[in-house]
Amino acid sequence: MKSYLDLEIYQSVFQLAAMVHRHSNTLPKIAQYELGSQVRRSAQSIRSNIVECYGRRRYKNEFVRFLVFAEASLLETEDHLKMIHELYPDQKWIALFADYQKLGKQLNSFISFVEKSWKTDNR
């Protein structure tokens, strides 16, 4: 693995963040600046924390710590998506919510893998 770009979890997070960004721009203007901005930031935070955790991969505890930050941002994103769907019902929000639930499972599996099997090269 040469880069965070090689991580399957990063690729999934990146695609979902792009979808959230595109969909949030279709909200009514007032929601674009309130809920839309919040959901975009939380989705981007997941991505940013994955990148940052990769930068700390030599230190397993730091790696896991930033993965947990990503998980917290994921839960925040799910909550924003639920609220948006409540206020502006549309199947795309339900689909995104389901995609984030799948991502949550993928992220939890990755956290478990890192906790149990990640080999660091710091001596």
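On C-alpha positions alone, give me the angle between the axis of helix 37-55 and the longest principal axis of the chain, in degrees, nearest 10.
Helix 37-55 sits at roughly 10 degrees to that axis.
Simple spin-label model, 7 Å along Cα-to-Cβ: residue 112 to residue 60 in nm?
1.7 nm
With the cut-off at 31 Å, tell me which of the pairs 29/102; 60/92; 2/82 have Cα atoms farther apart than that.
60/92; 2/82
Compute the long axis of helix 8-24 from its Cα atoms, compare it with the longest principal axis of the Cα atoms of the chain, and write down the angle in degrees, 0 to 90, nearest 10.
So the helix axis and the longest Cα principal axis differ by about 20 degrees.
Express the Stokes-Einstein translational diffusion coefficient of the chain in µm² s⁻¹, to the nearest whole number, given a Kirkwood radius over alpha-carbon pairs, 25 °C and a viscosity of 0.890 mPa s.
165 µm²/s
Give me the angle, in degrees from 0 to 90, between the Cα long axis of helix 60-87 and the longest principal axis of the Cα atoms of the chain, rounded to the nearest 10.
Approximately 10 degrees, to the nearest 10.
Coordinate-derived values only; no laboratory data. Because the structure is a prediction, the values reported are computed rather than measured. Note that we place each Cβ from the backbone using ideal geometry, even for glycine, and neighbour counts take in every protein chain shown.
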